[in-house]
1. Taking the options G129, G138, name whichever one is touching a strand residue (DSSP E or B) at 6+ places or on another chain (Cβ under 7 Å), open to solvent by less than 50 Å² (accessible area, probe 1.4 Å), in contact (Cβ under 8 Å) with a residue 40 or more places away in the chain and part of a loop (DSSP other than H, G, I, E, B).
2. Here are the criteria: (1) open to solvent by 30 Å² or more (accessible area, probe 1.4 Å); (2) farther than 30 Å from Q81 by Cα. Tell me which single one G166 does not satisfy.
3. Among (1) touching a strand residue (DSSP E or B) at 6+ places or on another chain (Cβ under 8 Å); (2) in contact (Cβ under 8 Å) with a residue 24 or more places away in the chain; (3) over 22 Å from E60 (Cβ atoms), which single condition is L89 missing?
4. For the range 79-98, how many residues meet the condition of being open to solvent by less than 20 Å² (accessible area, probe 1.4 Å) and more than 18 Å from the chain's Cα centre (by Cα)?
5. Do any residues in the range 57-77 that are under 18 Å from P140 (Cα atoms) and in contact (Cβ under 8 Å) with a residue 12 or more places away in the chain have Cβ atoms under 7 Å from those of residues that are of a type outside the set (S, T, N, Q) and surrounded by 12 or more Cβ atoms within 10 Å (Cβ to Cβ), where the two are at least six apart or on different chains, and which pairs are they?
6. Just to be sure before I move on: is G66 modelled with pLDDT under 80 and either touching a Ser or Thr at 6+ places or on another chain (Cβ under 7 Å) or not in a loop (DSSP other than H, G, I, E, B) (or both) in the structure I sent?
7. Looking at the range 151-183 only, could you name the residues that are outside any helix (DSSP H, G or I) and either charged (D, E, K, R) or modelled with pLDDT under 85 (or both)?
8. So, A111, is that one open to solvent by less than 50 Å² (accessible area, probe 1.4 Å), of a type in the set (G, A, S) and farther than 26 Å from R56 by Cα or not?
Amino acid sequence: QPFCSLEEQLAAPAGALRCASLQQLPALLTLGYAKERKRKGACPSGVVYELLPAGRARAEALVREGEAPPAAPLRSSRRVQPGEAGVVLLLVDEREGGGSSCGKMAELCDALDREGARFETRRLPSGHGDYEWVLADGSPAGREVVLPLIVERKGCLDVSASMRDGRWRRQQAAMEARNASEFGGAAT
């Protein structure tokens, strides 16, 4: 459920919370699904909330069980419309370039928009890389067929850091396993 704006919250009568999502936060914090962070300049209050792995797992379970709709992408351009077929859509991992908390993701999405690319941001699972292309249609089922191309983008500093902390091996192994199981080793 989307959060109300700060202005709407401040305009609410004393003691009244107008935002149903905000009313859920104490429970999410208690259950260990979310964590409060202080980030000056991120928003007018300087308080943001991080969804923790347990919270993400619970949200994914709710979607799988049909109790919640899938989350909308953080950014998209020219999403697949009902009745369309054979649309090649670029999926960008929402954590790419530091994610939405960093200006690099916004710059990337702005550049894709300028070039007329059809894309959506999503949290791509391990082994899917940073970018993935799908052949999509606008049917009610929203079918997508993953195309055999796995792209993991790394800058020099990230390669070095990921080799030191072990991410490099884990990411390579996950991409190799996915390539073998889904694409028969044909992905590039």
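1. Matching residue, one of G129, G138: G129.
2. (1)
3. Among (1) touching a strand residue (DSSP E or B) at 6+ places or on another chain (Cβ under 8 Å); (2) in contact (Cβ under 8 Å) with a residue 24 or more places away in the chain; (3) over 22 Å from E60 (Cβ atoms), the lone unmet condition for L89 is (3).
4. Summing the residues that are open to solvent by less than 20 Å² (accessible area, probe 1.4 Å) and more than 18 Å from the chain's Cα centre (by Cα) in the range 79-98 gives 1.
5. Close Cβ pairs satisfying both conditions: P73/E120; P73/R122.
6. In short, no.
7. E152, R153, K154, G155
8. Yes, satisfied.
The values are calculated or read from the model by the stated rules, or taken from the named source; none is laboratory data. Being a predicted model, the structure only gives us computed values, none of them experimental. We place every Cβ from the backbone using ideal geometry, glycine too, and count neighbours over all the protein chains shown. The area values use the complete protein model at the heavy-atom level, side chains included, leaving out ligands, DNA and RNA. Shrake-Rupley method; radii C 1.70, N 1.55, O 1.52, S 1.80 Å.
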